[in-house]
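See structure below.
Quick note: the coordinates plus some simple rules give every number you see, no bench work behind them. Note that the structure is predicted; figures quoted are calculated from it, not measured. FYI the Cβ positions are ideal-geometry reconstructions off the backbone, even for glycines, and counts take in every protein chain you see.
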Amino acid sequence: MRLKEIWEMELSKNGLACMWERGGGFTNTGRATVICGPEGQRKKPIYIRRSGSLSCGNHALIPVELGDVVIDAEHSHGDFLINVWRIMSIDVEERTVGLNLISNFSAGEWDKGKKYMDFAEAIEAVMKKAQTYHCRAPFYVKQ
């Protein structure tokens, strides 16, 4: 398993580790990130941005815990690269999150068996978000 550090982790005013659901699409490209629970369930954000520069930016601030899943996707002309990551460590002092790769989609197919199927709804959401022109709202959060 690969480990990757994500430096965009935020701390809430109460000291909770958080990550942003973010992203959106342009004419022929796009990228997005969604966060879900260990079994792919939607998570409740502590803040949803409703003003300012929203286009393809940060949309929902979501508290994260060990075991949560981060899905990122990017595409060019509809050709997707998708990574499904599990949060394995949280370093509040350094504001980093250590992630292990669960599954990857590239060149039109998934690797590592069917592990991605547990997250099918979240994967569909991140793909839609990455293709939504100048996206301004969260796609995969609990209301």
### Summary
So the pair-distance distribution of region 3-131, from every Cα-Cα distance in 5 Å bins, comes to percents of 2, 11, 21, 23, 21, 14, 6, 2, 0
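Exactly which chymotrypsin sites (Phe, Trp or Tyr not before Pro) in region 1-73 are in a DSSP loop and have at most 15 other Cβ atoms within 10 Å? Display every interim value, and only then the final one.
Numbers: sites: 7, 20, 26, 47; in loops: 7, 26.
Here the sparse-neighbourhood loop sites are 7, 26.
Just need the relative contact order of region 3-131 here, percent rounded to a whole number, with Cα pairs under 8 Å and 6+ apart.
This gives 29 percent for region 3-131.
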## Note on the structure
From DSSP H assignment alone, runs of 4+ in the chain each adding -39500 (n - 2.57), the sum over residues rounded to the nearest 500 puts [θ] at 222 nm at -2500 deg cm²/dmol
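Report the antiparallel proportion of the DSSP beta bridges in region 39-143 as a percent, rounded to a multiple of 5. Don't skip to the answer; put the middle values down first.
Values: 21 of 22 bridges.
Beta bridges within region 39-143, antiparallel portion: roughly 95 percent.
Would you mind checking the pairs 13/44; 13/142; 4/115; 4/142 and listing those with alpha carbons more than 24 angstrom apart?
Where the Cα-Cα span goes over 24 Å, the pairs concerned are 4/142.
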### Task
Compute the signed sum of charges (Lys and Arg +1, Asp and Glu -1) over the other residues within less than 10 Å, Cβ to Cβ, of residue 130.
+1
